[in-house]
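To keep things clear, I will list the structure first and then write my remarks on it.
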Amino acid sequence: MNSFFERRYVIAGIFITLILILLARLFYIQIIDDRYLLYAQNNVLRKVYKNPARGPILDRNKKILVQNEAFYDIVVTPNLVKPFDTVAFCKLLNIDRAEFDKRFEKAVKYSPRLQSPFEKQLSAQAFAAIQERLSEFPGFDSSPRYLRTYPDSVAAQFLGYISEVNDNDIKKSGGYYHPGDFIGVTGVERSYENVLRGRRGVENDLVDSRSRFKGHYANGAYDTAQVAGERLISSLDLRIQKLGERLMTNKVGSIVAIEPSTGEILCYVSSPTYNPNLLVGHERGNNAAELYKDPYKPFFVRPIQATYPPGSSFKPLSALIAMQEGIITPETTYNCPGYYWSGNHRVNCFHNERHGVVNLASAVAESCNGYFSWVFDRLMNYNGARQTASTFTNWRGNVAKFGLGARLGLDMPSEGKGNLPTAAHYDKVYHTGGWRSSTVISLAIGQGELLATPLQLANIDATIANHGFYYKPHLIKSIGDKEIIKPEYRVKNYVGIDSQYFEPVINGMQAVVDRGTAAGSKIPGIIMCGKTGTAQNNHGEDHSLFVCYAPRDNPKIAVAVVVENSGEGSKWAAPIASFIVEKYLRDSISSRPNGMTPEYIMNANRLPALDNYYQGPKLKLPPSNKDTAKHKADSADKKASIGAGHKKNKNKYGTSAYQLERREDEEQK
Amino acid sequence: MRSRSNYSYQQQQQRGFFFNVDWAIVFVYLALCTIGLLNIHSAVYDEKHPSFFDLSTDYGKQFIYIIVGSVVAIVILLLESRFFSTLAPVFYGITTLLLMLVLVVGRNVGGNQAWISIGGGFRLQPSELAKLTTCLLLARYLSGTNIRVTDPKSFMISLAIIGFPMLLIMLQPDAGSTLVFSSLIFVLYREGVSPYFLILEGLFIALFVLTLKVNNLAYIIGALLAIAIIILLLFRRNRKLMPVILAGLGICVAFVLSVNFIYSKVLKPHQKVRIDIVLGITTDIKGKGYNVNQSKIAIGSGKLWGRGYMQGTQTKYSFVPEQGTDFIFCTVGEEWGFAGATVVLGLYLFLLLRIIRVAERQRSTFTRVYAYGVASVIFFHVIINIGMTIGIVPSIGIPLPLISYGGSSLLSFTIMLFILVKLDSNRMGIVY
């Protein structure tokens, strides 16, 4: 043994120490630090999402409004790319070399070993040409995806559109959506998103370091199968929808038709409209940008977002409430000198026409402003002039039951409320107690602060057709193959008017078409009840309104038509409504007493002059590239609806100023 | 024990070749080989060739290597102890020639010219043999009469014996194997070289890391000066210490400067990156740091008990590179967890301490020096290899003894250990 024997302990000590250091480090990364397990999962587990087909949407006769069509993405996995003929490839995709480099770089940046899209949404025809040569370019592959297609290109605003989810959608969905998924942005696509999208399947795949499939995790125990989206049957009738859209060509306005016995919306035209196919596929970004630039705002859903003073079309409602309150009977007469003095406020009849002695029915038929102002005056002062506010509130409650001033709860996003002023509003404007029936006399004839959406107008009509109740209007008739109908659509909403009061009013409305203001639009052989309206408008010519339902007995369809800036209701709105009604009831169109034909209306250009047309705030939309176009589009959409609100306020402001000035030249027909 | 020493050498031979064998070492050897075989099987499992005995797979080959190793072990036990000490210079000479030859005819694998093809798909790695023969020659030299490693001349010759194969291996260039030889400092230390060398080596490692991490020469040299002054002030009565401290300071400063020079001028970019990753200077997970990161993920995901035999996903799906050879410990860590890793490290520690115990019970200096050589080499391999897989040592490609796949490595460690077992079985005789 030599003298350095004790050094064995030093050496052993060093060995032990260093091995313990290794053990300590192992203890840390294996036991304490949980990150590595997670990283390991991320390494091998690849969640493959199986996107189900989105549900198709049919019309009420099960004709297809929207279905899915295969489009193709060219995808690239940069790691698998081998040298190839770039020139030929660029030529195939019709891109230049710089663009190719840019896209390839982007793909590499995303991940060298994962697929990323190289060219998006090629149509089947465009793809066919590329497909046969794709095998010459290793690393490039195709991936089908299903996009919406609209065989008849109708009902764009009803159907809405889908778009790739944005970050906000992903956050809000609690992890359901992933980048690249589609989500309904507007219309039915949005309001029935949860039904239409179906349920996505998830496959937990094990992959190796080169992303090659190696098997199912836990033999597929955690996998779920995808479930296709439900089929929606909408209440729309494709025939009258198409006719309506054609009739409204080159006009700004809406057509809403409701089946009174169900509340189903048969026709939902918002004009100007657009071809929904434009918002699908390769060129959608550019197309959307173009549409957003349209000053008449095709994305503005006029049936539920635009609001108009109902004008004379409000008169039947006025009469009904007065009868229910016991102010008048159908036989009550009024002698019209061509105007009416409410306090010191004079209301003129249209063209100062003397209607003479009128009762309820003839007042409706001849649209006598004097009669309805007189009735309104009596109604407001029933409890004495001092009680005007509470009497008004009572009246307002009765009107509200018809669905005015609040959302009807249509199964569509962004429904407008219209406006039904409150007593508090007048208290604020004229000071409490500072206003009387004469102050708000315009309400009697559907003017003043009163604003309604075309949907609300149609719904009032459906209520009259039903003699006192309505079903909640809706656009989706039934959901899925089992054709489930939401229970809320089977509930009758009573409006608080006894059914016997309707007949006199309906008599008047029938007279409107038979011999009154809309006599020119009488449909031979069909008894139609209607009411014209000419809504005053601070931005140019009056809006042409017409509401009607038919046939009188056992009503099948109630229609509201608004044609903006087109003057009297009888001139444009009434014939359009009559064509819709006849097409729906008979599937053909006969001649009209005034000789109006659908072709004449289709060819007429009633677009308001742009310098006079209220455009809302200017939209800034540089259609730079496709990726940003969508976001811009979203914000532009918001702006459009803000614009709508603004427009409404303008109207409100306009009319109350009009009230303040006590202009005495109200003329209603 | 006493009585046994009376038996003559001849008599011991007659008791058969398992006489006096240290069964503990044999047991640990077999355990490590088995662990290695199982983990290679799991790491490079091929569904088409599931059998352990399929020669087209790495585990099939490893199985053959283990059998060959066992035969070689038995042959070694049959040989005379004197054989190894006598022929040590010859072995050393042959490996030196092979190391030169490999530079000429060697096959280039992964940037290193370290392999000589010997037909049948088998390759020889002379650097593995060089570790063994260097240990033998060093033992032979230091056991010579009147050789004291404390003598400058003997010390220099010892360093030359170690340094020559280092130089040749560095030319391949195989940094890992080169560094293995530096572990033989433990042998010299045990034989009497001043502990300052050991301290200096530790100090160098610390300074090496600091230099690269701080990357500011002024700070480090300033700090060294300050420490030197403080020590001088504290021990100002001890005159003898002064030159030692000053010399140490000079060496340290020179070392820092040379590290800086080598790092910035001599090292190749990929070597720099490896060092940088370990020191945490760069964390390039997708590029050069990929291996170590994936290796940590595999080991870390094993948790306490591991995923179980053949259940590891990281190694099976080849996220970990070199999974059969240098990164075999990932499979251990992932499939057997902290428990398995502890068992493996425990076995190594037991083996190392056992070798030290064996070394110290020898009457023969040759056996003792050789034993320490074996212990040092195994120790260095274990620390560097496992340290690399868990990211505390730069990735240097050296195998995990007896566990990593590879015939040269396995055979060379088998021969190393069984020469020791043979020498130990003859511990009562004196071998020159």
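A short reminder: the numbers here are calculations on the coordinates, not readings from a lab. This one's a predicted model, so the numbers in the text were calculated from it and none came from an experiment. Every residue, glycine among them, receives a Cβ derived from its backbone with ideal geometry; neighbour counts consider all protein chains shown.
At a glance:
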| item | result |
| --- | --- |
| Inter-label distance, nm, simple model (7 Å from Cα along the C-beta direction), residue A:590/residue B:90 | 12.7 nm |
| Full-stretch length increase - residue A:41, residue A:135 - with 0.36 nm per residue and alpha-carbon distance subtracted | 30.6 nm |
| Span from the the range A:131-193 Cα centroid across to the the range A:269-334 one, whole angstrom | 29 Å |
| Distance (nanometres) between label positions extended 7 Å along Cα→Cβ at residue A:429 and residue B:392 | 8.2 nm |
| Chain A, helix-only ellipticity at 222 nm - DSSP H runs n ≥ 4, -39,500 (n - 2.57), divided by all residues, nearest 500 | -10500 deg cm²/dmol |
| Positive dipole terminus of the protein assembly as shown, leading residue within A:127, B:331, A:397 (C-beta point charges) | B:331 |
| For B:380-387, mean number of other protein chain Cβ atoms within 10 Å | 3 |
| Label point distance in nm, residue B:360-residue A:152, each placed 7 Å from Cα along Cα→Cβ | 9.8 nm |
| FRET E, pair residue A:378, residue A:357, Förster distance 25 Å, beta-carbon r, rounded to 0.05 | 0.90 |
| Percentage relative contact order, the range A:70-150, counting C-alpha pairs under 8 Å, at least six apart | 57 percent |
| Within chain A, longest stretch clear of exposed chymotrypsin sites (Phe, Trp or Tyr not before Pro) (DSSP loop, no more than 13 other Cβ within 10 Å) | A:223-669 |
| Taking the range A:255-668 and dividing mean pair separation by its residue count, relative contact order in percent (alpha carbons under 8 Å, at least six apart) | 22 percent |
| Alpha-carbon centroids, the range A:377-415 and the range A:1-55: separation in whole Å | 75 Å |
| Modelled FRET efficiency - R0 60 Å, residue B:160 with residue A:102, Cβ distances, 0.05 increments | 0.45 |
| Chain A, dipole about Cα centre (Lys/Arg Cβ +1, Asp/Glu Cβ -1), debye to the nearest 20 | 1220 debye |
| Whole-angstrom gap from the range A:98-113 to the range A:486-552, using each part's C-alpha centre | 62 Å |
| Residues of type aspartates and glutamates that residue A:477 reaches as a straight line, Cα spacing below 16 Å, ignoring anything fewer than 8 places off in the same chain | A:59, A:189, A:193, A:230, A:237, A:259, A:264, A:411, A:488 |
| Furthest towards positive pole of dipole, B:382, A:368, A:425, structure part the protein assembly as shown, Cβ charges | B:382 |
| Which of A:78, A:335, A:255, positive extreme of dipole for chain A (C-beta unit charges) | A:78 |
| Given 16 as the ceiling on other Cβ atoms within 10 Å, longest exposed-site-free region of chain B for GluC sites (Glu not before Pro) in DSSP loops | B:81-432 |
| For chain B, built as a Gaussian network whose Cα springs stay under 10 Å, the top-fluctuating residue of B:331, B:211, B:133 | B:211 |
| Axial C-alpha extent at least 15 Å, average Kyte-Doolittle at least 1.6 - helices from chain A (DSSP) | A:7-27 |
| Value of relative contact order over the range A:377-482, rounded to a whole percent, pairs C-alpha under 8 Å and six or more apart | 29 percent |
| Gain in span if fully extended, residue A:249 to residue A:51, counting 0.36 nm per residue against the direct Cα distance | 67.5 nm |
